[in-house]
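Shown next, in structure tokens, is the structure this report addresses.
The values are calculated or read from the model by the stated rules, or taken from the named source; none is laboratory data. Everything quoted here is computed from the prediction, not taken from an experiment. Positions of Cβ are backbone-derived with ideal geometry, glycine not excepted, and every protein chain shown enters the neighbour counts. Just the protein is used for accessible areas: all its heavy atoms, side chains included, with ligands, DNA and RNA removed. Shrake-Rupley method; radii C 1.70, N 1.55, O 1.52, S 1.80 Å.
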Amino acid sequence: MCGIIGYIGKRDAFPIVIKGLERMEYRGYDSAGVAILDGSLHVFKKKGKVADLYNFAKDSAPHGSIGIGHTRWATHGIPNDVNAHPHLSESGKIAIIHNGIIENYAVLKDALLHAGHTFKSETDTEVLVHLIETIKEKDTLSLFAAVQQALTQVVGAYGIVVMDETDPDTLVCARKGSPLVLGIGNEEFFIASDASPIVEYTKKVVYLENDQIAELKRNGEYKIETISGTPHTPFVEELTMEAEAIGKEGYDHYMQKEIFEQATTIHDALRGHILPDLSVHLRGVEEMIASFNGARRLIITACGTSWIAGLVGEYFIENLARIPVEVEYASEFRYRNPVLDERDIVIAISQSGETADTLAALELAKARGAKTYGIVNAVGSSIARMTDAGSYMHVGPEIGVASTKAFTGATIVLALLALLLAKDRSTLDDSAYEQLVTSLEKIDAQIADVLATEKQIIEIAERIKDKDNALFLGRGILFPVALEGALKLKEISYIHAEGYPAGEMKHGPIALVEADFPVVVVATNKELLEKVISNVQEVKARGALTIGIVREGDTEAKKIFDYTIEAPNSEELWMPILSVIPLQLLAYHVAVLRGLDVDKPRNLAKSVTVE
Ligand code: F6R
């Protein structure tokens, strides 16, 4: 949700800032802007994508070696050139970029308006930079001290970078809520919302903590303090990410690349976790195994696709380890005063590790004394750092806005968690356990077979690309897969799609079905299959166009549907992993056929750091 980048050093800042914005464009893409300091401030802002900004600024951008840039996902004020960041102070000498929301901006703005300030944009951010300048001038403070003081008056969330024409050797940045990573080079600094724009320049990073502010000097010196002024000794970490992992590698879209790399990412997610004696090793769980065993229940909290992965996890854990599990939307959980105490474990699932709602749910869990566990992809992210223990998905950077490999990555971690707990609690007999573990180990190899169905999937995509609505059905552990198929289709193709438990369909949604209405059915179960088939008959009888994801070799199921895609056979519990991939591909191809920007669907952003 908004990507921000700053550079100070000896290189030309403009290309570094633009490239950084391109890397972070998945965080927001309704407008973008840069400010380069070269004697005076040069600001370029444009509604649209980073490419539009680049074309607008490339011929006139100066060669200054200090600069900031922003790619926006609008919160306050419509996406246009004026509301794009950077924003300037009253004198035009201080520039700011901001990711987050200043909740008390209206009060601050009123006071500044009374003092004679004029504002150009409708944003909360512009208010903050005016406040910084007022404080700086009133008490003749350094930029660092003025930002620090201004932030004591701010309620809300922020990741900011500030640059001052009168102090061309300094960048100041601060965070509360919204993430910031500081890259430490040789007498140069990079500051960004995530490590992707930094990794090609330096692997030495400091993750700024909440309520911290940093001053970065052109001579390579830097300091970090809390907003209230306590000095902080930075912890410099080594990035493990490689710059190559962030390219498209010949694919047309990141989403396509990320769907196709799932054989590898699932392999990576499993790697090292199943030992030769078939025991499952997850360090984070082992660290708090006593808590898991003594837990009254597990509460999985997450948003969007990660929440859907949580529903699959509920089946795994309840079936195998016999611990009660609840799955909660993070954005709802925190506002309904849940019954929660130290007997509960709250498991947060998040690709980005920065989702504001999930972070807030974890804060609530901690405040109530519950233990917390994170299943996170982005290494070093806020959720990874704030949970008591956790496991990384290890699926590499996910850049396509629609989550794909993180869904299967999270599902693998949940499967491992369930198996480990089942073994430890003796809730599964040895042969069932061995069968489940050995088939899970094979799943990465089976992905290639699923991906080989792409040609048939394109044919189906052609058939449904002009539809306005679709229904996705599944039963049992495949119901979440139906939800995920519908979410993928609607978010990137803008076709309205609903995921529904197949058995519930007759209680309402069946009213929607008419001739040629697309109904996609995840029918890869063995248990409940007959019932699912009856549900298919019900929609067929009303003229629906039926598309089935079926088990390889299931000739009976194949006869019923208008179109089928086969998924390789595995254990019933692992079928969601193999069944979701055709639905990811279906959504992808429908969106491509509709001529849409798959990696940057309208109104969405990859990392949702506002509530
Ligand atoms: C859907 C999608 C979103 C995210 C959700 C949570 O394709 O990407 O629904 O799953 O915003 O994000 P994370 O997992 O980063 O917490």
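Descriptive notes on the structure:
- Residue tally, condition touching a helix residue (DSSP H, G or I) at 6+ places or on another chain (Cβ under 7 Å) and either of a type outside the set (Gly, Ala, Ser) or open to solvent by 60 Å² or more (accessible area, probe 1.4 Å) (or both), over the range 30-48: 4
- Matching residues, the range 219-256, being surrounded by 14 or more Cβ atoms within 10 Å (Cβ to Cβ), out of contact with any Lys or Arg (no Cβ under 8 Å at 6 or more places or on another chain) and under 25 Å from residue 168 (Cα atoms): 220, 222, 223, 224, 225, 226, 232, 234
- Cβ-Cβ under 7 Å pairs, at least 6 apart or on other chains, the range 143-158 side within 19 Å of residue 222 (Cα to Cα), far side surrounded by fewer than 23 Cβ atoms within 10 Å (Cβ to Cβ) and among the β-branched types (Val, Ile, Thr): 143/170; 146/135; 148/227; 149/135
- In this structure, residue 470 qualifies as open to solvent by less than 20 Å² (accessible area, probe 1.4 Å), free of Cβ contacts under 8 Å to residues at least 60 places away in the same chain, more than 30 Å from residue 317 (Cα to Cα) and not acidic (Asp, Glu).
- Tally of residues being aliphatic (A, V, I, L, M), within 9 Å of the ligand (Cβ to nearest atom), open to solvent by less than 10 Å² (accessible area, probe 1.4 Å) and outside any helix (DSSP H, G or I) across the range 351-385: 1
- Hey, residue 192 open to solvent by less than 10 Å² (accessible area, probe 1.4 Å) and free of Cβ contacts under 8 Å to residues at least 40 places away in the same chain or not: no
- Reported count of residues in the range 161-176, each being surrounded by fewer than 24 Cβ atoms within 10 Å (Cβ to Cβ) and either in a strand (DSSP E or B) or hydroxyl-bearing (Ser, Thr, Tyr) (or both), is 3.
- Of the helices (runs of 4 or more DSSP H) lying entirely inside the range 386-466, those carrying at least 1 residues that are modelled with pLDDT under 95, hydrophobic (A, V, I, L, M, F, W, C) and more than 16 Å from the ligand (Cβ to nearest atom) are 443-451.
- Subset of the range 424-458 that is touching a strand residue (DSSP E or B) at 6+ places or on another chain (Cβ under 7 Å) and open to solvent by less than 50 Å² (accessible area, probe 1.4 Å) - its residue that is nearest to residue 294 (Cα to Cα): 437
- Test for residue 289: is it modelled with pLDDT of 95 or more and either buried (at least 17 other Cβ atoms within 10 Å of the Cβ) or under 30 Å from residue 428 (Cβ atoms) (or both): no
- Filtered residue count, the range 523-571, keeping only those that are open to solvent by 70 Å² or more (accessible area, probe 1.4 Å) and more than 26 Å from residue 433 (Cβ to Cβ): 11
- Scope the range 1-47; condition assigned to a strand (DSSP E or B) and either of a type in the set (Lys, Arg) or free of Cβ contacts under 8 Å to residues at least 12 places away in the same chain (or both); matching residues: 45, 46, 47
- Within the range 505-611, helices (runs of 4 or more DSSP H) holding 2 or more residues that are modelled with pLDDT under 95: 529-540, 555-560
- Residue in the range 395-413 that is among the β-branched types (Val, Ile, Thr), out of contact with any strand residue (DSSP E or B) (no Cβ under 8 Å at 6 or more places or on another chain) and farther than 21 Å from residue 312 by Cβ present: yes
- In the range 297-342, of all residues being without any contact (Cβ under 8 Å) to a residue 12 or more places away in the chain and in a helix (DSSP H, G or I), the one that is nearest to the ligand (Cβ to nearest atom) corresponds to 332.
- On inspection, residue 345 qualifies as touching a helix residue (DSSP H, G or I) at 6+ places or on another chain (Cβ under 7 Å) and away from the ligand (no atom under 11 Å from the Cβ).
- A search for C-beta distances below 6 Å between a residue of the range 95-113 that is of a type in the set (Phe, Trp, Tyr) and any residue that is not in a strand (DSSP E or B), counting only pairs 6+ apart in sequence or on different chains, returns 105/124; 105/127.
- Residue list for the range 521-552, filter: over 36 Å from the mean Cα position of the chain (by Cα) and of a type outside the set (A, V, I, L, M): 530, 534, 537, 538, 540, 542, 543
- Which numbered condition residue 392 fails, given (1) in contact (Cβ under 8 Å) with a residue 40 or more places away in the chain; (2) under 26 Å from residue 371 (Cβ atoms); (3) open to solvent by 10 Å² or more (accessible area, probe 1.4 Å): (1)
- Residues (over 28 Å from the mean Cα position of the chain (by Cα) and hydrophobic (A, V, I, L, M, F, W, C)) located in the range 209-243: 216
- Going through (1) at pLDDT below 95; (2) open to solvent by 20 Å² or more (accessible area, probe 1.4 Å) one by one, residue 156 falls short only on (2).
- Filter result (in a helix (DSSP H, G or I) and open to solvent by 10 Å² or more (accessible area, probe 1.4 Å)) within the range 486-502: 487, 490, 491
- Qualifying residue in the range 520-532 (condition: away from the ligand (no atom under 16 Å from the Cβ), aliphatic (A, V, I, L, M) and more than 24 Å from residue 469 (Cα to Cα)): yes
- Failed condition for residue 110, given (1) in a strand (DSSP E or B); (2) open to solvent by 10 Å² or more (accessible area, probe 1.4 Å): (1)
- Count of the range 52-80 residues, restricted to those that are open to solvent by less than 60 Å² (accessible area, probe 1.4 Å) and out of contact with any helix residue (DSSP H, G or I) (no Cβ under 8 Å at 6 or more places or on another chain), is 5.
- Residue match in the range 86-99 (condition: exposed (fewer than 15 other Cβ atoms within 10 Å of the Cβ), at pLDDT 90 or above and part of a helix (DSSP H, G or I)): no
- Filter pass, residue 123 being modelled with pLDDT under 95, β-branched (Val, Ile, Thr) and open to solvent by less than 30 Å² (accessible area, probe 1.4 Å): yes
- Where residue 580 falls short, out of the listed (1) surrounded by fewer than 18 Cβ atoms within 10 Å (Cβ to Cβ); (2) under 14 Å from residue 520 (Cα atoms); (3) within 14 Å of the ligand (Cβ to nearest atom): (1)
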